[in-house]
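Notes for the one structure printed next.
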Amino acid sequence: LSASQAALIRLVNLVGRDVDTSVIEDAFKHEPALTLNLLRIVNSVGHRGSRLGQPVTSLRHAITLFGRRHLQRWLSLLLLAPHGGECDPARSPLLQVAALRGRMMELLIEVGPPGNHRQRADLAFLTGILSMMPVALGLPIEEILQQIAVDREVHSALCQHAGLLGQFIALLECFDGDDAAGCDYLLTALPGHFDRYTLNTCLSVALRWLNGGSE
């Protein structure tokens, strides 16, 4: 997947200024194409070209594994690469939906049962954007996950709709498909206090975030 020039320039500047990793992480979250490419690289190139093989638990984790110096070089190379065609796939509505779904997954975790929300939210975001990649890339999710070592919980959620993350993915699929009955059934089955208002609120907050808001 190619990435937009504007996003690359912003990220190169952020990494060059040595800002906090959380700021770089948030910039990546708005660019699912770059996020997927980063995850693939982190899992394919390790020390002396060997596979790292570590399950990636968050974008912050992937950035740390890759290293700031390598990240800046990689982004700079992408910025210099030729871009053919008038349409930029990285700005496609489908990839924007992937970012939106990732953010909604994070928000649903915050509404859910108590626990380590920060760690679960990181896993939720990865699960959300990866759930859209089969459509974006035209590949089965199993084939995509062969290139990316993700946490077992993320893998199960994507392949079997298992666990809380899997239930959230199933819920958002019904939500995207205007399946009101399916949404109601899954909302009542989820642990915590979930209803249609919760879903609509998460969507509203996620849309503001996607369009440059701070939420």
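See the values below:
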read-out	value
So V111, is it over 21 Å from G212 (Cα atoms), more than 14 Å from the chain's Cα centre (by Cα) and touching a residue at least 60 places away in the same chain (Cβ under 8 Å)	yes
Candidate set: the range 200-214, residues that are at pLDDT below 90 and small (G, A, S); chosen: the one most open to solvent (accessible area, probe 1.4 Å)	S214
Single match in L172, L145, L137, L158 (criterion: at pLDDT below 90, closer than 14 Å to A98 by Cα and out of contact with any Asp or Glu (no Cβ under 6 Å at 6 or more places or on another chain))	L137
Residues of the range 38-57 that turn out to be modelled with pLDDT of 85 or more and surrounded by fewer than 18 Cβ atoms within 10 Å (Cβ to Cβ), as a count	0
Matching option when the condition is more than 17 Å from M133 (Cβ to Cβ) and at pLDDT below 85, among L65, L77, L71	L77
Within the range 159-199, considering residues that are assigned to a loop (DSSP other than H, G, I, E, B) and either of a type in the set (A, V, I, L, M) or without any contact (Cβ under 8 Å) to a residue 40 or more places away in the chain (or both), the one most open to solvent (accessible area, probe 1.4 Å)	D178
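The values are calculated or read from the model by the stated rules, or taken from the named source; none is laboratory data. Note that this is a predicted model, so its numbers are computed, not measured. Reconstructed Cβ throughout: ideal geometry from the backbone, glycine too, with neighbour counts over all protein chains shown. Areas reflect the complete protein model, heavy atoms only, side chains present, ligands, DNA and RNA absent. Shrake-Rupley method; radii C 1.70, N 1.55, O 1.52, S 1.80 Å.
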